[in-house]
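Participant: Pasting a structure here, questions to come.
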Amino acid sequence: MTVHELMEDLRQGEFTSLGGYPLFFLTEDGGTLHPRCVREEIWTVARATRDGYEKSWCVVAHDVNWEDPSMICDHCNERIESAYAEDEAT
């Protein structure tokens, strides 16, 4: 992912524009980040994504959390909402 793509994805917000599905960012080391945390740490994330260092901040993709009720943000340790597994999480 390029920094330009990261910024475009981040402009989308925490949910998809069509359907309102919850988004998350995937890092190079396999971690997950909440869009809010990416926004709050944008300078660190952008540099890591551009330069390929700090794999825990280097974003490689973003996607919808369809069914993982236990997905946790690796930065803030808060649960990342899922689209279809909310009943299982409560």
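What follows is calculated from the coordinates using simple rules that are stated; it is not laboratory data. Keep in mind the model is a prediction, meaning the values are calculated, not measured. Because the Cβ atoms are built from the backbone with ideal geometry, glycine has one as well, and the counts that use them run over all protein chains shown.
Participant: Which condition number in (1) touching a Leu at 6+ places or on another chain (Cβ under 8 Å); (2) charged (D, E, K, R); (3) exposed (fewer than 15 other Cβ atoms within 10 Å of the Cβ) is the one that D74 fails?
Facilitator: (3)
Participant: Considering (1) closer than 22 Å to R79 by Cβ; (2) surrounded by fewer than 18 Cβ atoms within 10 Å (Cβ to Cβ), say which one H62 fails and leave the rest.
Facilitator: H62 satisfies every listed condition except (2).
Participant: Turning to a different aspect of this structure: Please go through region 4-18 and pick out each residue that is in a loop (DSSP other than H, G, I, E, B) and within 13 Å of S82 (Cα to Cα).
Facilitator: Within region 4-18, E14, T16 qualify.
Participant: Okay, moving on. Under 9 Å between Cβ atoms, which residue pairs at least 6 apart in sequence (or on different chains) link something in region 8-22 that is without any contact (Cβ under 8 Å) to a residue 40 or more places away in the chain with a partner that is hydroxyl-bearing (S, T, Y) and surrounded by 12 or more Cβ atoms within 10 Å (Cβ to Cβ)?
Facilitator: Cβ pairs passing all conditions: F15/Y21.
Participant: Given the condition more than 14 Å from the chain's Cα centre (by Cα) and surrounded by 13 or more Cβ atoms within 10 Å (Cβ to Cβ), answer yes or no: does some residue in region 12-29 qualify?
Facilitator: no
Participant: Counting only residues that are among the acidic types (D, E) and under 14 Å from F25 (Cα atoms), which one in region 40-58 is surrounded by the fewest Cβ atoms within 10 Å (Cβ to Cβ)?
Facilitator: Residue satisfying both the conditions and the ranking: E40.
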